[in-house]
Amino acid sequence: MGSSPATPRHFLRLQDLDTREVDDVLDLAGRLRQGVRGADLQGRTVGLLFFRGSLRTRSSFEVALHQLGGHALNLNAASDFWSLEERTGVVMDGEAPEHIRDAAEALSCYVDALAIRPAPAGRVWERDRLDTGIHAWAQHSKVPVINMESALWHPLQALADLMTLRDALGGDLRGRRLAITWTRSPAPGSPAGVNSMLLAALRAGMEVSLAHPRGFDLDSAVLDEARGEAQRSGVEFQQVDSMDTAVEGSHVVYARSWWPLSSYGNPTLTASRLARETGWCVDERTLALGEDARLMHPMPVRRNLEVTDEVLDGPRSLIIQQAGNRLHTQKGLLSLLLRPS
């Protein structure tokens, strides 16, 4: 996975790693968790650029770099720099005083990698889904670019989720059943983590049921890719409009709220649709429909709205293990990405 300065190896989505590389990262993450030393990143610096808020990603990335001997240059767009233009060939007479091209090339002189959480405009899904911001950074950066959650993908979360699934179900996930279910929230999150988990689970050979209310479908291109992944892996992927139907017989329930893409950018219509959806909360009755089912949620989670306290704090909840595995999988990724040639 090493990268030369002329051809940096970017990590924008989980599919940027082949199956063997995913296994390598997870295996190394497991050894690191047991106390084995990773690559010595002494003298290596990773620039962390946050264009929107973060808790687990920022914390786990900084700690991962520290424990590997590296350094995090933590930048927050709201306070440390300004808006950046990402379009090519435009006359920059608007708000942005600098182009991503210039920022990326300049920062490449200082750091060994750039980890970026862009901020989608939030108005038109057809535009935001293109992830032009993270791709512009990757196009112009001379060092590897790591996606810390764009509009469409959250590959770092997917790595931690895969490690958590292996911990809970054993190393071979083939034939295991995963229920991914929408949950109710007054402020739904991005579907990026669900998109990444869906494709990761299918590639790992899991049978996946995806449940959500009508009108809350994931991105059509992501669903097409999921169907193709299921066919290649020889597993079943089904979409249902009932949480109970999805959870029945499952080994893991992955709960998460996401906004309806059909009303993306229209908060009034979105709020109206959310108000009509009730009952999408994972409780003990729901979990009991599975086969000794465990609960996963990438957090933040709205207690007693998305998932009940009883489930979140119960013996089958894996949410803290998920959060903890962010540190280990990111250490594994950094060790492989930035190890000396």
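The values are calculated or read from the model by the stated rules, or taken from the named source; none is laboratory data. Computed from a predicted model, the values in this text were never measured in an experiment. Neighbour counts are summed over all protein chains in view; Cβ atoms, including those assigned to glycine, are modelled from backbone coordinates with ideal geometry.
Within region 178-192, the residues that satisfy the criterion of being surrounded by fewer than 23 Cβ atoms within 10 Å (Cβ to Cβ) and out of contact with any Cys (no Cβ under 8 Å at 6 or more places or on another chain) are 185, 186, 187, 188, 189, 190. When 25, 46 are checked against the criterion of being assigned to a helix (DSSP H, G or I) and either touching a Gly at 6+ places or on another chain (Cβ under 9 Å) or at pLDDT below 95 (or both), 25 stands alone in meeting it. Within region 97-130, restricting attention to residues that are among the acidic types (Asp, Glu) and surrounded by fewer than 20 Cβ atoms within 10 Å (Cβ to Cβ), the residue that is farthest from residue 81 (Cα to Cα) is 126.
Only one of (1) in contact with a His (Cβ under 9 Å, 6 or more places away or on another chain); (2) at pLDDT below 95 fails for residue 35. Which number is that? If we test residue 35 against (1) in contact with a His (Cβ under 9 Å, 6 or more places away or on another chain); (2) at pLDDT below 95, just (1) comes out false. Taking the criterion of being exposed (fewer than 13 other Cβ atoms within 10 Å of the Cβ), closer than 22 Å to residue 187 by Cβ and out of contact with any Lys or Arg (no Cβ under 9 Å at 6 or more places or on another chain), the residues of region 272-285 that qualify are 272, 275, 276.
Residue count for region 119-139, restricted to those that are at pLDDT 95 or above, within 23 Å of residue 55 (Cβ to Cβ) and either in contact with a helix residue (DSSP H, G or I) (Cβ under 6 Å, 6 or more places away or on another chain) or not assigned by TED's automatic domain parsing to the domain that holds residue 77 (or both): 1.
One residue stands out in region 286-304 among those that are among the aliphatic types (A, V, I, L, M) and either outside the structural domain of residue 192 (by TED's automatic domain parsing) or farther than 22 Å from residue 157 by Cα (or both): the one that is surrounded by the most Cβ atoms within 10 Å (Cβ to Cβ), namely 287. Looking for something of a type in the set (D, E, K, R), within 23 Å of residue 119 (Cβ to Cβ) and within 17 Å of the chain's Cα centre (by Cα) - is there at least one such residue anywhere in region 47-57? Yes, some residue in region 47-57 is of a type in the set (D, E, K, R), within 23 Å of residue 119 (Cβ to Cβ) and within 17 Å of the chain's Cα centre (by Cα). So which residues in region 188-242 are among the aliphatic types (A, V, I, L, M), within 21 Å of residue 17 (Cβ to Cβ) and part of a loop (DSSP other than H, G, I, E, B)? Within region 188-242, 204, 206, 235 qualify.
Looking only at region 219-259, count how many residues are closer than 16 Å to residue 152 by Cβ, touching a helix residue (DSSP H, G or I) at 6+ places or on another chain (Cβ under 7 Å) and either crowded, with 20+ Cβ neighbours inside 10 Å or in contact (Cβ under 8 Å) with a residue 60 or more places away in the chain (or both).
Filtering region 219-259 for residues closer than 16 Å to residue 152 by Cβ gives 219-226, 229, 256, 258-259.
Then drop every residue that is not touching a helix residue (DSSP H, G or I) at 6+ places or on another chain (Cβ under 7 Å), which leaves 219, 222, 225-226, 229, 256, 258-259.
Now narrow it down to the ones that are either crowded, with 20+ Cβ neighbours inside 10 Å or in contact (Cβ under 8 Å) with a residue 60 or more places away in the chain (or both): 219, 222, 226, 229, 256, 258-259.
Count: 7.
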